[in-house]
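Scroll down for the structure; my scribbles are underneath it.
The values are calculated or read from the model by the stated rules, or taken from the named source; none is laboratory data. Given the structure is predicted, the values throughout are model-derived calculations rather than measurements. All Cβ positions, even for glycine, are placed from backbone atoms using ideal geometry, and neighbour counts span all protein chains on display.
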Amino acid sequence: MTSSNLKAQDSLHCGFNRDFFSPAYTNWYQQAILESNKPDLHKRSKVFRDTEYIIPVVFHLIYPFYVPLDINFIPKIMNEINADFMRLNADSIKLRSKFKSREGNPKIRFVLADTNENGQPSKGYTIRFSLNYFGVEPNQPYKDMHRMKFKAYEGTPPWNTKKYLNIWVCNLTSFETGKTYVNGFATPPKNAPHWSPIYYADSLIDGIVIGKNVYSKTNRSITLTHEIGHYLGLRHVSGDPPRFMDSSSKCVYDDSIFDTPRVLHQNYYTCDTSINSCIEPVNDFPDMLENFMDYTGDNCSNSFTKQQVLMMRYCLKTLRPQLASLKINTIIAPALFLVDVYPNPNKGSLHIDFKDSFSNNYSFEIHDYIGRKVLESRILEPKSLVNLEFLSSGLYSIAITNDKSEIVYRKSILKD
């Protein structure tokens, strides 16, 4: 039985639950946000806030040998998470107007690893055939949930967890009951003080696990986006009261994020915009059901907030410093270089319009979601039309360079 067949009380949706948090973690969390808001800390303001982080990803697929293995879900997942973390997801327009001033763009891009940790060519995934169930049982200790990561249990060990985001895709059905209690779970950054040794043993378990049935459907799923949020330091918006969906907590728990409204507990698969579970005495807002870190589900979740973005980028920079690559190129001030690239998303035609003086020393390159160059050309006119009809739907990036190979403009684009 898959989680989509279960009643709300049968599935926790996410294995990252309230047991992992302590007062020490809350204090650290609040301090991290305060540090993130310092405008010129170590002169990193421009780079930290405006530059894309690029994270290499490897999927570890664990399947029974008799199950047809369809890897076509990988491009689907990659396009979805890249759209979500570049604020290009089509459903972002559903964010209610009252939250528009709070919406954030993480500017984090994920690419399939093209080489493994030994420098050998890679397609960005590994395959292991196993008959084992890796399902999470009710009240199972967190330390016992990681069998898919060890050869002794017919699992796949991670690649270097400091340099790759490892994602295991396996059978999370309970062997005992036949039910799926969680769709996925993640490990937050190792050095966050809320982790005790019982929850985080070593780098062998660092990464994300998702159930193989989550992406067997054609419609969108936000499961991996939600778990990446945890992997980069975010808590559930509820702050996780001691008991799951417990209304007796009386709104005293919070995620310590300043611009996510306080909620009584996780909102489970609902998009009822009338919900305001915690009335705040000042600046009261309804529950932000659109937040990726709630449980509202695929048809409702579509946004991170600005403060959540600051937290993820802070954790990526300070607690996972070797994970993301960041190319710092010569920066040309907007006043000296003005160009429009539109529409975004596009249907197969992309305009590149220079707004001021133009010379023919510019070129553009377009790369796909795994970093492959799919198109390049000189820019010969101040107003150019680029044909993208031959490209499949998904997320791409465009970079405009000058004759010194300096990137003067870069942007993520989405082809519908």
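Checking the structure you have, find out if any residue of the stretch 390-400 is without any contact (Cβ under 8 Å) to a residue 12 or more places away in the chain and either more than 30 Å from Pro121 (Cβ to Cβ) or surrounded by 11 or more Cβ atoms within 10 Å (Cβ to Cβ) (or both). No, the stretch 390-400 has no match at all. In the stretch 145-172, the residue that is modelled with the lowest pLDDT out of those that are in contact with a helix residue (DSSP H, G or I) (Cβ under 9 Å, 6 or more places away or on another chain) and among the hydroxyl-bearing types (Ser, Thr, Tyr) is Tyr153. Report yes if Phe358 is in contact with a Pro (Cβ under 6 Å, 6 or more places away or on another chain), at pLDDT below 85, among the aromatic types (Phe, Trp, Tyr) and over 21 Å from Ser97 (Cα atoms), otherwise no. For Phe358, the condition - in contact with a Pro (Cβ under 6 Å, 6 or more places away or on another chain), at pLDDT below 85, among the aromatic types (Phe, Trp, Tyr) and over 21 Å from Ser97 (Cα atoms) - is met. Within the stretch 188-229, the set of residues being at pLDDT below 80 and either among the aliphatic types (A, V, I, L, M) or touching a Leu at 6+ places or on another chain (Cβ under 9 Å) (or both) comprises Lys190, Asn191, Ala192, Ile198, Ala201, Tyr215.
Taking the criterion of being buried (at least 20 other Cβ atoms within 10 Å of the Cβ) and either aliphatic (A, V, I, L, M) or more than 16 Å from Ile167 (Cβ to Cβ) (or both), the residues of the stretch 104-122 that qualify are Pro106, Ile108, Val111, Leu112, Ala113. Phe73 meets all of the listed conditions (1) within 13 Å of Leu224 (Cα to Cα); (2) crowded, with 21+ Cβ neighbours inside 10 Å; (3) touching a residue at least 60 places away in the same chain (Cβ under 8 Å) but one, namely (2). Pairs linking a residue in the stretch 256-270 that is without any contact (Cβ under 8 Å) to a residue 12 or more places away in the chain and assigned to a loop (DSSP other than H, G, I, E, B) to a residue that is among the aliphatic types (A, V, I, L, M) and surrounded by fewer than 23 Cβ atoms within 10 Å (Cβ to Cβ), with Cβ atoms under 9 Å and 6 or more positions apart or on different chains, do not occur. Out of the residues in the stretch 236-265 meeting the condition of being at pLDDT below 90 and touching a Phe, Trp or Tyr at 6+ places or on another chain (Cβ under 7 Å), tell me which one is nearest to Thr318 (Cα to Cα). Ranking the qualifying residues of the stretch 236-265, first place goes to Ser256. Under the condition of being in contact with an Asp or Glu (Cβ under 8 Å, 6 or more places away or on another chain) and of a type outside the set (Lys, Arg), the residues counted in the stretch 363-383 number 10.
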